[in-house]
Amino acid sequence: MLEQLSLAPSDPILGLAEAFRKDPNRNKINLGVGVYKDEEGHTPILASVAAARKRVLAAETTKNYLAIDGSPEYSRAVQELLLGAGHPLRASGRAVTVQAPGGTGALRVAADFLHQHFPASRVWISEPTWANHGQIFRLAGIQVQTYPYFEVQTNGLAFEAMCHALAHVPQGDVVLLHGCCHNPTGVDPDPAQWQRLAELLATRRLLPLVDFAYQGLGRGLRPDAEGLLLLAAALPELLIASSFSKNFGLYNERVGALTLVAANTEAATAALSHLKISIRANYSNPPAHGAAVITTVLQDPQLRAQWEGEVQAMRERIAQMRSLLVQTLMAKGVRRDFSFIERQQGMFSFSGLSKDQVEALRQQYGVYIVAGGRINVAAMTRRNMEPLCAAIAAVL
Ligand code: LMR
């Protein structure tokens, strides 16, 4: 039976990381996978995380299972971070949060839940979007459609085209939106545009699913949640898949959450009971350690202030790298206007480099970026900027 199988294509992002590891080039630069690097090129364990980890390990007395939906303290901490401390949804009973193994795990639980209970609903994803989105929903059995998002001429949001497409989506379908720091483009709606999207989705009776993986890395922890809050205010129902991989640097602990907002407490409670079935069938119950670390940081005022400072430092370093990239390209004599890179948010920049240029960067210069031209700005440093820009100038 198994001999019928031919080789699957390698993953467009994590497969690139594998290829990078195997490349003997000593000057290679990895700007593929979305992982933050400090000025020394390391992906550090945050000091707040290291302190919380010590406390968690010292206090741990058992390795017993968590509940199917994870730790209730963690779920409360997640909701507080997403919505803000005093948000009325938190006390309303309309919002339920389940712990999940990373943002990807949360998306997969959402996908299984949607397919199980709303088999006719399709999921609409932006064009372009994170390379894994389509496959997560398709493999869960859901039909996937796209809506326009990025405008090549302006390197900005194709807002009118996006609204036009969403205005024709049938009632009951699901629209996947990136809460902030759109992956791969770095282009987000502004608050007025979020408001219009919220009204449009409400009028069309569409269900938004917000992928929220970069809170704090765009404009700040609260401003990055602005779109989410506008959706929550305008719509009776909402799904949020959130991740702590990036803003806590907890990539390999796989910590995320799926939050579901329903029109009333009864509907939220019923939905939770079904989410638990999706979880039980997928991985039974979530891993404990990373979530315990996050709960400790978010609940302790000192650790929380330290963590917020560390998120701010990451955000500011990324912004500096954006400016330095634009300046260094100019200094290398590149004529093309790359100033749009400074206007984009989050870890990524959609460079506009062609498939051949991306390939030449890798083959000739050992510079790894994702095939569509997505560059991880968060892995640039003062040290790799010169050789990187020289390579880009050469392939242009
Ligand atoms: C990325 O887009 O590079 C990250 O979200 C990592 C991943 O899992 O693809």
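The values are calculated or read from the model by the stated rules, or taken from the named source; none is laboratory data. Since we're looking at a predicted model, the values are computed, not measured. Glycine gets a Cβ as well: all are built from the backbone with ideal geometry, and neighbour counts include every protein chain shown. These area figures cover heavy atoms from the full protein model, side chains too; ligands, DNA and RNA do not enter into them. Shrake-Rupley method; radii C 1.70, N 1.55, O 1.52, S 1.80 Å.
Tabulated data for the structure shown
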{"read-out": "Mean Cβ count within 10 Å, highest first, over the residues of peptides 99-109, 119-129, 29-39", "value": "99-109, 29-39, 119-129"}
{"read-out": "Stretchable slack from Arg204 to Asn27, in nm (0.36 nm times residue separation minus alpha-carbon distance)", "value": "58.5 nm"}
{"read-out": "Cα gyration tensor shape of the stretch 256-307, rounded if a/c is under 1.5, else prolate or oblate by comparing a/b with b/c", "value": "oblate"}
{"read-out": "Positive dipole terminus of the chain, leading residue within Val152, Met314, Pro24 (C-beta point charges)", "value": "Pro24"}
{"read-out": "Hull shadow area, averaged, the chain [alpha-carbon convex hull, nm²]", "value": "20.8"}
{"read-out": "Helical segments meeting 24 Å axial Cα length and Kyte-Doolittle -1.0 threshold in the chain (DSSP H)", "value": "265-282, 301-331"}
{"read-out": "Percent of beta bridges antiparallel (DSSP, the chain, rounded to nearest 5)", "value": "50"}
{"read-out": "Order by protection proxy (mean Cβ within 10 Å, highest first), peptides 137-148, 159-170, 223-234", "value": "223-234, 137-148, 159-170"}
{"read-out": "For the chain: relative contact order, % (alpha-carbon pairs under 8 angstrom, 6 or more apart)", "value": "26"}
{"read-out": "Nearest-20 debye value, the stretch 30-173 charge dipole, Cβ charges on Lys, Arg, Asp, Glu", "value": "520"}
{"read-out": "Length released on extending from Gln299 to Ala270, taking residue separation times 0.36 nm less the Cα-Cα span", "value": "7.6 nm"}
{"read-out": "Cα gyration tensor of the stretch 124-211 - equivalent ellipsoid semi-axes, whole Å, descending", "value": "19, 17, 11"}
{"read-out": "Efficiency of FRET from Cβ geometry, His117 and Glu151, R₀ 41 Å, rounded to 0.05", "value": "0.70"}
{"read-out": "Listed peptides 264-274, 1-11, 78-88 by packing density, highest first (mean Cβ within 10 Å)", "value": "78-88, 264-274, 1-11"}
{"read-out": "Cross-link partners of Lys28 among aspartates and glutamates (Cα-Cα below 19 Å; sequence separation of 8 or more within a chain)", "value": "Glu18, Asp38, Glu39, Glu40, Asp356, Glu359, Glu386"}
{"read-out": "Fraction of antiparallel bridges per DSSP, the stretch 65-299 only, in percent to nearest 5", "value": "45"}
{"read-out": "Accessible area of the stretch 65-299 divided out per residue, in Å², using a probe of 1.4 angstrom", "value": "37"}
{"read-out": "Two-decimal log10 I(q)/I(0) for the stretch 65-299, as the Debye equation yields it once each C-alpha is a single scatterer, q = 0.08, 0.13, 0.17 Å⁻¹", "value": "-0.26, -0.72, -1.31"}
{"read-out": "Segment Gln193-Ala17, length gained on full extension (0.36 nm per residue, minus Cα span)", "value": "59.8 nm"}
{"read-out": "Cross-link table Lys63/Lys276; Lys54/Lys276; Lys246/Lys276; Lys37/Lys355; Lys22/Lys276, entries beyond 29 Å C-alpha to C-alpha", "value": "Lys54/Lys276; Lys22/Lys276"}
{"read-out": "The chain - mean residue ellipticity at 222 nm from DSSP helices (-39,500 (n - 2.57) per run, n ≥ 4, rounded to 500)", "value": "-14000 deg cm²/dmol"}
